[in-house]
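Below is one structure, written out as structure tokens, with a few remarks after it.
The values are calculated or read from the model by the stated rules, or taken from the named source; none is laboratory data. All of these numbers come straight from a predicted model, not from anything done at the bench. Neighbour counts run over all protein chains shown; Cβ positions are idealised from the backbone, glycine included.
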């Protein structure tokens with residue numbers, strides 16, 4: 001019996017996702033924050049598995065973007081203790097436009113809400129980005 005390869009792959013993927021318990025990340029909106037001449041945009045990408053990822057973009061025309069995201073960012077789940085990032089993959093400090101992916105160890109169990117805080121040198125308060133997950 002000959003099976004269509006696309007049908008076979010679809011069925012295999014469906015069975016795998018059902019047996020691993022992995023669900024797709026919820027589609028969470030991009031958030032933007034502009035202050036002190038710098039715009040920061042953050043999009044949650046993956047909130048499943050062992051590593052959670054966030055796409056981050058900085059944009060300015062008035063200063064060098066020197067932020068060290070592995071030191072300047074923390075993730076807070078349900079108002080708990082801040083968690084430092086595991087890794088930054090993206091443009092190094094400098095320039096007027098930077099983007100990349102910030103990774104955190106997964107929070108378990110899944111929290112009802114998360115907040116990503118970025119503390120920028122010279123700014124009195126951290127930038128806050130919040131999402132409801134449940």
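Within region 89-113, the set of residues being outside any loop (DSSP other than H, G, I, E, B) and in contact (Cβ under 8 Å) with a residue 24 or more places away in the chain comprises 90, 97, 98, 99, 100, 101, 102, 103, 104, 105, 113. Taking first residues from region 116-134 that are loosely packed, with under 12 Cβ neighbours inside 10 Å and partners that are not in a loop (DSSP other than H, G, I, E, B), the Cβ contacts under 6 Å between residues at least 6 apart in sequence or on separate chains come to 130/115; 132/113.
Taken as a whole, the structure places residue 111 among residues that are surrounded by 16 or more Cβ atoms within 10 Å (Cβ to Cβ) and farther than 22 Å from residue 38 by Cβ. From the list 48, 19, the lone residue that is modelled with pLDDT under 95 and surrounded by 14 or more Cβ atoms within 10 Å (Cβ to Cβ) is 48.
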